[in-house]
Every structure is written in C-alpha cells, then in structure tokens.
Amino acid sequence: MQRFLAWISNGRLQCIWELGIMNGQSVTNNKISGGNVMSQAKIFKLLSEAYGLTWSGGIAAEVIDGCPVTLKEDRYYVQVSAYMPERVYEAKHEIFNEQMKAVKGVKCGFDKKTSRITTVLSQPNRVVEQYGAIREIIKQYAAPYVEEDKCPYCGQGECDMAAIYNDQYRRVHVRCHQYHTDRTRDVVLSGQGNLAMGIIGALAGAVLFMAIALAIGIFAERSYGWFFVLATFAALGGYKLFHGPYGRTGMVTVTLCSILSMVLYLFCEMVYLIAQYYELTIGEVLKQWPAVIQIAFSPDNLAESWFQLIFFLGGLAWFLIKRPLSKQKVVGTMDVMDDFNRAL
Ligand SMILES: [Zn+2]
C-alpha cells in the first residue's frame, strides 16, 4: 500500500488508510428473509384440495359467481383479494367482519386504489374454514357487483374472461388479453427493443445508484451495506424502462452496468475521501486518477469494502439466478399464467 501512497503525491496521502471512514457498518438491519414458504405452499395445497383452486407460481385463484379471487403468497402469509365497490365495503364491512371473527379470521381491509377487499390467511390449521367464510362474503357482497369492475387493458365493461393481469386475477376481454400477451411474447422472443436505449437506461440506472450510494455515504457519514444489493436492480430498472431487448444481450448489459456502478462508486468514494482528508478540491484529486484507481481497487480497500461488496454480489447473483431478462424464462412464466385463463 505504502508505495501507491508515496507515488501518488509527495506522500501526503500516507494516512488515508488510517481514516477508517466507511467502516463500522451495522448488521442489525440485515433482515433478508424468504418468508415462510413452507406454510404458504401448505395453505395453497389445502385450499386447492378443498375448493379446487388453480394454483401455480406463487398465485392461486378461482372465479366465484363471476368474481375472480386472487390468492397471493406474501412474505409471511397468503393474501386474498377480490373486487368490491367501495360503497359496498363501507356499508357492509362490519357485518361481514363478524363472520370473519366467527372463524377466528383476520378482518377484511380495503384497497381504495384498486377497489379491492383484502384479507390474509396465515394459519394452516384454520385456513379452509377461514377461506370458506371469505367465499361466502364474496358471493354475497362482491359477486353481484362484478360487472362494475372494468377491463384493466381498455377500461371497458362486459368482460368475457378471467386472466392474470399484473399478478391479479381480473375480469378482462378475450381480445384485449390475447392482443396484449401476443404482443409481449413477440417483443420478448424476437429480441425487439432498442439496445442502444437499453444500454443508456442501464447506465443511467447504474450512475443514479452510485450517486445515491455516495450521497448516503457522505451525508450520513456512513455507508449502508445492504443498500448495495440495489445496484443490479437499478441497472435492470433503467434497462427495462428504456425498452432494452430481452435475451442474453440484456443479461450481459445489466451485469456489466451493475459492475460499473460498483466500480464508479469505489472510485468516487475514494476521490471524496482523499479530497476530504487532504483538503484538496475534487478536481485536484481527479488529476491523479491513475493513482486513485490503484488505491480504490487495491486489495486493502476492497477488503475495507467487503460488506458493500457482499451485498452487491448478492444482488448480482439474484439477477443471474432469476434471469429476469431471459426470453425462455419470461415466456415460460407467461405460459404458466395462461393456466389461469377462464371464460366467464
Ligand atoms: Zn378490454
């Protein structure tokens, strides 16, 4: 280490390593949990046997008297939701929450934005009974009004099909759903999209992530390791926002841009540290960029940043394992969701 320091600029940097800035990250926030997947799967299995739900890919669903009901795996439980007009919920929720109480179920809530009544199922031993109570509530208070729930593709009524739309089981039109899924399959499979824009988007995401990470480091005077798990998501978000094509090109672009965000972060962090410590301007430090690079990417500094790097690699590993830009993977998921299609 010393030789870089001596070489950089008349030995003024020899103490940079003693600063220990950016150390001492807390691990108390490190609560990454996959949830209680075992018991959610058990809940789905029990309900499928009792009520014949369609169940696939973390979603289960059925149509009750024309009313599509979505059951979704959440972190710790299964969330049930179905359309209900807000006025009906307001007028009737006290009545039907008594019914929920009778089966020791969780009270129903209401999502105003989507006009959906919601509740959760979390106890495998009571779940059949509880879901039975919800089904009665839906039959009585939701199903009579389903015609008011418009097709999310076109905003019109008179829907003739139930299908998965944005992770929700919805009433849609056959023609709208068909058109949309065909188009999406086309875009994914053909590798259509604008690679140049995709790259710009991924770069923008990477730079934005780096700037935020740096701002946190500077203003909070502390770098949060877990935050670095977001580096890859930022690049992925930018890439998708700017319509980069699916396929291997996309996987490679996002991987490279997220690595670039980490590289940029380490570089800028070091520029900042050196400028701070020696009361130099950023411009003066940047003139010494080859030396900054050598310090920033020296084994010593990388070792100092191990906590950030582990989270960064974790996010990248997630991306490489999940392959959200893989053509087969995306189309495969769409095919699975087609199992839910039902005529109304
Ligand atoms: Zn429609």
Practice problem: Run down 138, 164 and say which single residue is buried (at least 19 other Cβ atoms within 10 Å of the Cβ), within 16 Å of the ligand (Cβ to nearest atom), closer than 20 Å to residue 67 by Cα and β-branched (Val, Ile, Thr). | Solution: 164
Quiz prompt | Sole exception among (1) within 16 Å of the ligand (Cβ to nearest atom); (2) modelled with pLDDT under 95 for residue 114, by number | solution = (1)
Quiz item: Does residue 329 satisfy the condition of being within 30 Å of residue 159 (Cβ to Cβ), surrounded by fewer than 16 Cβ atoms within 10 Å (Cβ to Cβ) and under 19 Å from the mean Cα position of the chain (by Cα)?
Solution: yes
Exercise. Would you check if residue 281 is at pLDDT 95 or above and among the hydroxyl-bearing types (Ser, Thr, Tyr)?
Key: no
Quiz item: Within segment 215-269, restricting attention to residues that are closer than 20 Å to residue 195 by Cβ and of a type in the set (S, T, N, Q), which residue is surrounded by the fewest Cβ atoms within 10 Å (Cβ to Cβ)?
Solution: 249
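Just need a number here: residues in segment 167-218 that are within 16 Å of the ligand (Cβ to nearest atom) and not aromatic (Phe, Trp, Tyr).
The total comes to 15.
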Exercise. Please enumerate the residues belonging to segment 168-203 that are of a type in the set (Lys, Arg) and within 24 Å of the chain's Cα centre (by Cα).
Key: 170, 183, 185
Exercise. State all residues of segment 294-334 that are in contact with a Lys or Arg (Cβ under 9 Å, 6 or more places away or on another chain) and of a type outside the set (S, T, N, Q); if no residue qualifies, say none.
Key: 322, 323, 324, 325, 327, 329, 330, 331, 334
Self-check item: Within segment 146-161, considering residues that are touching a residue at least 40 places away in the same chain (Cβ under 8 Å), within 14 Å of the ligand (Cβ to nearest atom) and hydrophobic (A, V, I, L, M, F, W, C), the one surrounded by the most Cβ atoms within 10 Å (Cβ to Cβ)
Solution: 159
Practice problem: Output the number of residues of segment 292-301 satisfying the condition of being surrounded by 18 or more Cβ atoms within 10 Å (Cβ to Cβ) and over 11 Å from residue 274 (Cα atoms). | Solution: 2
Self-check item: Close pairs (6 angstrom Cβ cut-off, 6 or more residues apart or separate chains): in the same structural domain as residue 256 (by TED's automatic domain parsing) in segment 306-317, of a type outside the set (Asp, Glu) and not in a helix (DSSP H, G or I) anywhere
Solution: 307/25
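The values are calculated or read from the model by the stated rules, or taken from the named source; none is laboratory data. Because the structure is a prediction, the values reported are computed rather than measured. Counting neighbours? That spans all protein chains shown, and the Cβs are built from the backbone with ideal geometry, glycine included.
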